[in-house]
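The values are calculated or read from the model by the stated rules, or taken from the named source; none is laboratory data. Model, not experiment: these values are computed from the prediction. When we count neighbours, we look across all protein chains shown, and the Cβ atoms used for this are built from the backbone with ideal geometry, even at glycine.
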Amino acid sequence: MREVDLSRPPHSVPLATSLGGLELADAPPPRSPAARSAVHALALLTVVVTLGYLGWRLLFTVNWSGWWLSVPLFLLEAHLGLRMIVTIVELWDTDTIDPPEPVSSLAPAGLRVAVLITTYDEGPEVLLPTVTAALGLSPAHETWILDDGHRPQVRAMAAALGARYLTRPDNSHAKAGNINHALGVVEADLVAILDADHVPEPDFLNHTLGYFEDPAVALVQTPQEFYNNDSFIHSGGDGFHEEQFFHRVIMPGKNRCNAAFWCGTNAVLRVAALDYVGGVSTSTITEDMHTTLRLHKAGWRTVHHNEVLARGLAPRNFAEFQTQRWRWGAGAMQSVAMENPLVSSGLTPGQRIMYLGSALSWFDSWRTLGFHIVPAVVLLTGVAPLTVPFGQLLAALAVVHLLHMSTSRVMSRGRLRLRSTLLFEVLKMPANISSSLIYLRPRKLSFEVTPKGRTGTGRSRHSVPVMIKALITLDVVAWAWATATMAGLTPVGYPGRLPALAGVAWLLINLTFLALAAERIHDAGFGSERRAGHRVGLSVPARVAWSGGPGGGDHGVTAMVEDVSLAGAGLVVAAGSPVPEVGSEVVLTVFLGAVPVTLTGFIRKSTDRGSSGEHSLGIEFSEGQWRDLSRLANALFRAGLTSRLVPVAA
C-alpha cells in the first residue's frame, strides 16, 4: 500500500472513480443544414428502396406452394420494413427544441415548485442520495418523500435532513395513487417527479423550469441515465447502454410532433394540467405514458429536454430487467387498448404516428422470434420460401440491409450498436411477447416495483427462460439435421448447396446470439444483488479509530479506502499496523473533498492479504447517522453525475 501523507490537503489526492456512463452523457450538437439534407436524402432513399423491395418480394418471389412458410416470412419482412419507415419518421429531426435560458433564484412567473420523491421498499442507501441532492436544488422549493412503505426509518431520515414526509392510509393504485394523494396535500404549481434511486444534478430545476414560461407546457421530461455502469443493460465499457437510443434519440425526435411522453421519473409536470385530465392515470400500470396520452388529447404541450439531469440505478440482473420490461410493455398495451391513439379524438396526425411507433416496438419481439424459427424450419423441411434465384435474392438483401444499417447508424447519432441491438432483441423476447398479449386480452394488472438495493444474501445465478432454451435446442437439432441432409443421410432435399449453406449461416448467427443471451442471463456477475447500496471504487485516505482490543486503550490507524457505499466501506491497512477485531465499533474518517466525513460503524470483515502484509477491513456503517451519511452522499455526488469525481490537484 502506498504511503499517505495526511498533512497534504485531501483534495490533492485523486479519486479513481466514475459514477456512470459519462462519455455519452451529452447530446450531440445540431446538424448543419447540409448535413441534415444529406441525412434526409439517405432516409428517403431507404424508404423508397424498402417499399420497392417489399413490392418485389410480394409479387415475384413468394413460393405459393409453400405458403405456410413463405407468407409468414414475407409478413416478418414487411413488419421490419414498416418499423424502419416509422423510425425514420420519428428521427427525421431530433433538434427541434431550443432550450430556454436557465432560471436562477426564482421559478417562472413566481410558480411554486415541489420535488416529489416516490418510494415503496427502496432502502435508505438508495433513497438518501436522491433526497440529499433534491434538497440542494435551486430555485427555492419543497422536497417531499412520498413513502408508500410507511417506514419510521424513512420518516426519521426526512426529519434529520429537512425534507417533508408524506404517507397515506392505503397503497391503492401504487405509484400513480401515491402521486395523486400528494397532489391533494402539497401546495405547488409545478412538481418534479423523481424515483427513489434517481439522483438529480444541481441544475435539474434550473434547466427545466424555463419551459413553463409557456402556459401550454404540461410536461418537461429529461433522459434516463444510470450511475451503475456495470448493470445488466450496459455494454462496451464506455457507459453505453441499451436504453440510450430511446431516451437520447427517439424521444427528442418526438418533440417535432409534440409527442414526447412522461417516462415516470426525471420530469417536471404542471399541476393544473394534471388536474385538467383528472390527475395521474390509475387505469394502467404505466401511469406515465397513459397520462401523457390524455394530456395530448386535451391539447397540452410536452417537451423532451435532451440533457442528462439525473441518474439512477439500471437493472442489475435479468430478473430486474424482465420485470421492468414486462411492466412497461403490459402498461403500453393497456393504454393502446383503452385509448387507441390511431382512432382517439384530439390527437394530431403526427402524434398518432409517434404513438404508433411506440406501440409497434413492443411487437418487435414476435418478429425476432419468427426470424429465429424460419431458418430452422427451412432446414428441417427443405421447403424453399422464395422462388427467386439465390444470387438475385442475395444482391437485393445486401442492398436493403446495407441501407437500413447505414441509415440507422447515421440517424441514431451513435446510440444504436448492431451487436448490442441483436443481443437485447433476444433478451427482451420473453417479456415483450408475454406483455404484448395483454393487447388481445386487456385486464387489470397489479403494479410490480423493480427491485433496488439488496435482493439476496449471495450471488445466485438466474435461470435461462424456457423460450430461449427451446430456441437453442431447435437450432442445434436443425443444424445437425442440415449437416446430415447435405451428406445425403436424410430424405429431405435442398434446392441447392448455396441456399442450404446460407440457411445454415443464418441459423448459426441466431444460435450465437441465443448463446450470448443465455450466458449473460446466467452470469454470476449479474446474479442477485447482495449489497444494499451501489458501491463506488475509490482511492482516498482515511483514518480508523477504536477503543479496547488487545492491550486496551485507544487506537488509530491510517488506511486507504478502496470502495464505499452508503452502507459501508472497504479499506486496506499497511503492513505492521494494528487492526481492530471483527465486531469492534470504530470511527471512520474519510478525507473525501475539502471537509472530512466522519462515520461510526462496526468491523464486519478482517482479512490478511498474505505476503504483502497488508490487511483488508470491511466496515458496516451504524444506522441513524443521517446527516453524516448525507454529507458522504453529497461528497460522492457533489460535482454532478456527468463529471468524473477527480478533484483539481492543489
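Condition (residue is within 32 Å of the chain's Cα centre (by Cα) and farther than 27 Å from D238 by Cβ) applied to the stretch 51-72: is it met by at least one residue? Within the stretch 51-72, none of the residues are within 32 Å of the chain's Cα centre (by Cα) and farther than 27 Å from D238 by Cβ.
Only one of V280, V268 is part of a strand (DSSP E or B) and within 24 Å of the chain's Cα centre (by Cα). Can you tell me which?
V268
Only one of the numbered conditions (1) farther than 21 Å from E213 by Cα; (2) polar (S, T, N, Q); (3) touching a strand residue (DSSP E or B) at 6+ places or on another chain (Cβ under 9 Å) is not met by N255, and that is (1).
Where strands (runs of 3 or more DSSP E) fall wholly inside the stretch 533-650, the ranges with 2 or more residues that are among the hydroxyl-bearing types (S, T, Y), surrounded by fewer than 17 Cβ atoms within 10 Å (Cβ to Cβ) and modelled with pLDDT of 90 or more are 597-608. The set of residues in the stretch 504-521 being out of contact with any Phe, Trp or Tyr (no Cβ under 8 Å at 6 or more places or on another chain) and either free of Cβ contacts under 8 Å to residues at least 40 places away in the same chain or not aliphatic (A, V, I, L, M) (or both) consists of A505, W506, I509, T512, F513, E519. In the set (1) modelled with pLDDT of 95 or more; (2) surrounded by 19 or more Cβ atoms within 10 Å (Cβ to Cβ), the condition left unmet by A396 is number (2). Among the residues of the stretch 456-495, those that are part of a loop (DSSP other than H, G, I, E, B), surrounded by fewer than 17 Cβ atoms within 10 Å (Cβ to Cβ) and touching a residue at least 60 places away in the same chain (Cβ under 8 Å) comprise G456, T457, G458, R459, S460, R461, V492, G493, P495.
When P541 is tested against (1) farther than 27 Å from E581 by Cα; (2) in contact (Cβ under 8 Å) with a residue 60 or more places away in the chain; (3) not hydrophobic (A, V, I, L, M, F, W, C), just one condition goes unmet, and that condition is (1). In the stretch 323-342, the count of residues that are in a helix (DSSP H, G or I), in contact with a His (Cβ under 6 Å, 6 or more places away or on another chain) and more than 30 Å from M486 (Cα to Cα) is one or more. Contact annotation: residue pairs with Cβ atoms under 6 Å, 6 or more positions apart or on different chains, pairing a residue in the stretch 132-151 that is within 26 Å of N171 (Cα to Cα) with a partner that is small (G, A, S) and in a helix (DSSP H, G or I), are T132/S630; T132/A633; T143/A134; I145/A158; L146/A182. Taking (1) at pLDDT 90 or above; (2) in contact with a strand residue (DSSP E or B) (Cβ under 6 Å, 6 or more places away or on another chain) in turn, V4 satisfies each apart from (1).
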